[in-house]
Amino acid sequence: MLAKGMSARDEASATGGEGITRPSRPKPRVRLRMINTKVSRGGALFLGGLPFLFVAIAYLIASAQRLAVNPSDKLLPSPPQMWSAFLDLATVPDKRSGDLILWVDTYASLLRLFAGVGVATFAALSLGIAIGFIPRVRAFLLPFVTVVCVIPPLALLPILFIALGLGETAKITLIALGVAPVMVRDIANRVMELPSELVAKAQTLGGNSWTMILRLVLPQIMPRLITCVRLALGPAWLFLIAAEAIASTEGLGYRIFLVRRYLSMDVILPYVAWITLLAVITDWLLVRLSQAMSPWAHPVEAR
Amino acid sequence: MSRIVVHGLEKNYGDARVLERVNVTAEAGEFLSLVGASGCGKSTFLRILLGQEQQSSGVVIVGDGPIVPEPTPQRGIVFQRYSVFPHLTAIQNLLLVEDFRSGGPFGRVFGARRRKVRQEAEAMLERVGLAHARDLYPASLSGGMQQRLAIAQTLLGRPQILLLDEPFGALDPGIRVEMHDLLTELWTEHGMTVVMVTHDIGEAFKLGTRVLVFDKVRHDPQFPSAYGATITYDLKLDRKTRASSHHLAKVAAMVGTTRPDTAMATTAS
Ligand SMILES: Nc1ncnc2c1ncn2[C@@H]1O[C@H](COP(=O)(O)OP(=O)(O)OP(=O)(O)O)[C@@H](O)[C@H]1O
Ligand SMILES: [Mg+2]
């Protein structure tokens, strides 16, 4: 075996040395498995932009075709039409109330959204840690929270409007009730998954239940809590718009459902884009917050 | 004050018996080396001594009375894995010891006290050779560095009983010898009782004052987990037995892992 291998190598080096018949070398570029191929920054930007571009172009073509047939068509307004409608709402005071409608709507909606999600986050933090860390609280509350998790929140909406009236309280409560149970459960699970070695070690260093919550549990679940909030914001927007659609006098969801009666796609589409933009910015801010608060959970990627 | 007495200890997980009929008495200041085949229950024994888990039956006395069924500052531990807090940098991991011990309801010491503690922590980092890694998170430390940090952290807690679960398993031979020296030094300094699990028989002979072998004596071919491991060999080490290749070979044969010649080299270092 060994001798054979050596002789083969000798042969190869001999022919190579004479420089007559060099065996054709394989190409230096290795074909990697699909899962191992890396994407450059520019490539990622390009690929990531493609779907947006595709949707935009498809819309532009469809809109242009419809408007060519019927210039007063309302279903697929052209970008200039949407932009002027949006600008009107953002800069021209409303004739009746004198308000700048876009900003009033945005302020009202964000206030409700953040109040609801804020309450839910606080509940997730306090209840989640208590359930996850203290067996007695777990025995007391976990079955209840598990059941509450499966109640469809929108089914509670009429109850909330009847019980709490049509004001802000009902809307904020809907958002909080809609997202809190899942967050509480997720945080509780996370706390229960903390390696028991770490908890035992903290106790050997003299930690008591309270100081361990402060110095071990809280910092360990902080990145997860922020992820939880990011995931909860999706459903939170849903509940917000649902609540505003039914009973409200201002708000982004209210406006969309109001102008729906007049088929004002030139307002609805920019509003949807605006909501999307707000959601994207919130998400980005939360990622930055997580990086700032828990640098240990976001190791620097090797370049 | 920090004797350990274990009598008739038994531990079951469901139907599987891991430990049975374990009897051992360790006087204060002894250094027990625990060896035994993988999976025979050494870590389980340590967890029971720590108070993280409870024995199924039998008596465990630590210090003056029966063991408190939860971990306390009396007993320090270095685990096989998850040995340091990943959310704290190296220095913060060491500061945490004093924060927990006397930080009050905030779990944090402040002011002049903190400056003093910081100096102590930095001296300790220096001692375990981690001064350069002061502000790194454990995720960016190698396994051996994490283990050294864990040992430093546990020693700062000044436990009366020190439990070590394969503390040097991930270290390269050079660092390992340094850590041996550090541990011996601190042990002579503080005189705590040490129980150390190791797979390295040479290390067991070099550091311990006693070597205990865990093994199964009873076997049921139909139901392998019917019987647990117990202490099959208990060797007091003095000058003569420590250097005796005969004893070393005997223990190595019982454990059936390490080759006696490499073990002999470790003991000599
Ligand atoms: N929580 C548990 N539930 C069920 N079985 C367990 C549990 N912990 C340990 N065991 C079993 O107990 C036995 C002993 O485990 P242990 O971790 O104590 O072994 P060990 O001697 O430390 O091994 P190693 O040298 O590989 O670390 C194993 O067979 C394991 O399967
Ligand atoms: Mg083990």
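The values are calculated or read from the model by the stated rules, or taken from the named source; none is laboratory data. Because the structure is a prediction, the values reported are computed rather than measured. Positions of Cβ are backbone-derived with ideal geometry, glycine not excepted, and every protein chain shown enters the neighbour counts.
Structural remarks
- Failed criterion for residue B:186 (all others in (1) hydrophobic (A, V, I, L, M, F, W, C); (2) away from ligand 1 (no atom under 16 Å from the Cβ); (3) within 13 Å of chain A (Cβ to nearest Cβ) hold): (3)
- Of all residues in the stretch B:25-62, those satisfying the criterion of being assigned to a strand (DSSP E or B), closer than 16 Å to residue B:78 by Cβ and not aliphatic (A, V, I, L, M) are B:31, B:33.
- Look at (1) in contact (Cβ under 8 Å) with a residue 40 or more places away in the chain; (2) away from ligand 2 (no atom under 16 Å from the Cβ); (3) outside the structural domain of residue B:26 (by TED's automatic domain parsing); (4) part of a helix (DSSP H, G or I) and you find that residue B:147 fails only one, number (2).
- The stretch B:84-127, residues that are aliphatic (A, V, I, L, M), buried (at least 23 other Cβ atoms within 10 Å of the Cβ) and outside any helix (DSSP H, G or I): B:84
- Where residue B:53 falls short, out of the listed (1) over 26 Å from residue B:180 (Cβ atoms); (2) away from ligand 2 (no atom under 16 Å from the Cβ); (3) within 14 Å of another protein chain (Cβ to nearest Cβ): (2)
- Selection status of residue A:81, under 32 Å from the mean Cα position of the chain (by Cα), modelled with pLDDT of 90 or more and either in a helix (DSSP H, G or I) or not hydrophobic (A, V, I, L, M, F, W, C) (or both): yes
- The condition (being surrounded by 13 or more Cβ atoms within 10 Å (Cβ to Cβ) and farther than 30 Å from residue A:196 by Cα) is satisfied by just one residue among A:76, A:53: A:76.
- Verdict on residue A:124 being surrounded by 14 or more Cβ atoms within 10 Å (Cβ to Cβ) and either under 20 Å from residue A:173 (Cβ atoms) or assigned by TED's automatic domain parsing to the domain that holds residue A:231 (or both): yes
- Within the stretch B:98-123, the set of residues being within 14 Å of chain A (Cβ to nearest Cβ), under 16 Å from residue B:158 (Cα atoms) and not basic (Lys, Arg) comprises B:98, B:99, B:100, B:102, B:117, B:121.
- Residue in the stretch B:59-68 that is over 21 Å from residue B:205 (Cα atoms) and within 16 Å of ligand 2 (Cβ to nearest atom) present: no
- Of all residues in the stretch B:107-116, none satisfies being within 16 Å of ligand 1 (Cβ to nearest atom) and over 21 Å from the mean Cα position of the chain (by Cα).
- Flag: residue A:217 matches the condition of being within 14 Å of another protein chain (Cβ to nearest Cβ) and among the aliphatic types (A, V, I, L, M).
- Selection of the stretch A:146-156 for residues being in a helix (DSSP H, G or I), touching a Leu at 6+ places or on another chain (Cβ under 9 Å) and among the aliphatic types (A, V, I, L, M) yields A:148, A:154, A:156.
- Of the residues in the stretch B:238-260, at least one is surrounded by fewer than 17 Cβ atoms within 10 Å (Cβ to Cβ), within 16 Å of ligand 2 (Cβ to nearest atom) and within 23 Å of residue B:143 (Cα to Cα).
- Hey, residue B:10 more than 16 Å from ligand 2 (Cβ to nearest atom), surrounded by fewer than 23 Cβ atoms within 10 Å (Cβ to Cβ) and in a loop (DSSP other than H, G, I, E, B) or not: no
- Residues that are part of a helix (DSSP H, G or I), away from every other protein chain (no Cβ under 11 Å) and either under 24 Å from residue B:39 (Cα atoms) or at pLDDT 90 or above (or both), drawn from the stretch B:156-175: none
- Qualifying residue in the stretch A:172-193 (condition: touching a residue at least 40 places away in the same chain (Cβ under 8 Å), of a type outside the set (Val, Ile, Thr), within 14 Å of another protein chain (Cβ to nearest Cβ) and more than 30 Å from residue A:248 (Cβ to Cβ)): yes
- Set side by side, the residues B:198, B:193 differ, and just one is more than 16 Å from ligand 2 (Cβ to nearest atom), farther than 20 Å from residue B:96 by Cβ, surrounded by 17 or more Cβ atoms within 10 Å (Cβ to Cβ) and modelled with pLDDT of 90 or more, which is B:193.
- Applying the criterion of being in a loop (DSSP other than H, G, I, E, B) and within 8 Å of another protein chain (Cβ to nearest Cβ) to the residues of the stretch B:71-83, the residue that is nearest to the chain's Cα centre (by Cα) is B:79.
- Residue match in the stretch A:242-256 (condition: surrounded by fewer than 18 Cβ atoms within 10 Å (Cβ to Cβ), within 15 Å of residue A:109 (Cβ to Cβ), assigned by TED's automatic domain parsing to the domain that holds residue A:172 and among the hydroxyl-bearing types (Ser, Thr, Tyr)): yes
- Among the conditions (1) of a type outside the set (Val, Ile, Thr); (2) within 16 Å of ligand 2 (Cβ to nearest atom); (3) surrounded by 16 or more Cβ atoms within 10 Å (Cβ to Cβ), residue B:38 misses just one, which is (3).
- Neighbours by Cβ (under 8 Å, 6+ apart or cross-chain): first from the stretch B:231-255, assigned to a helix (DSSP H, G or I); second surrounded by 16 or more Cβ atoms within 10 Å (Cβ to Cβ) and of a type in the set (Lys, Arg): B:242/B:206
- When the stretch B:134-143 is filtered for residues that are within 14 Å of another protein chain (Cβ to nearest Cβ), surrounded by 13 or more Cβ atoms within 10 Å (Cβ to Cβ) and over 23 Å from the mean Cα position of the chain (by Cα), the ones remaining, listed by number, are B:136, B:137, B:140.
- Against the numbered list (1) more than 15 Å from ligand 1 (Cβ to nearest atom); (2) in contact (Cβ under 8 Å) with a residue 24 or more places away in the chain; (3) in contact with a strand residue (DSSP E or B) (Cβ under 7 Å, 6 or more places away or on another chain), residue B:25 comes up short only at (2).
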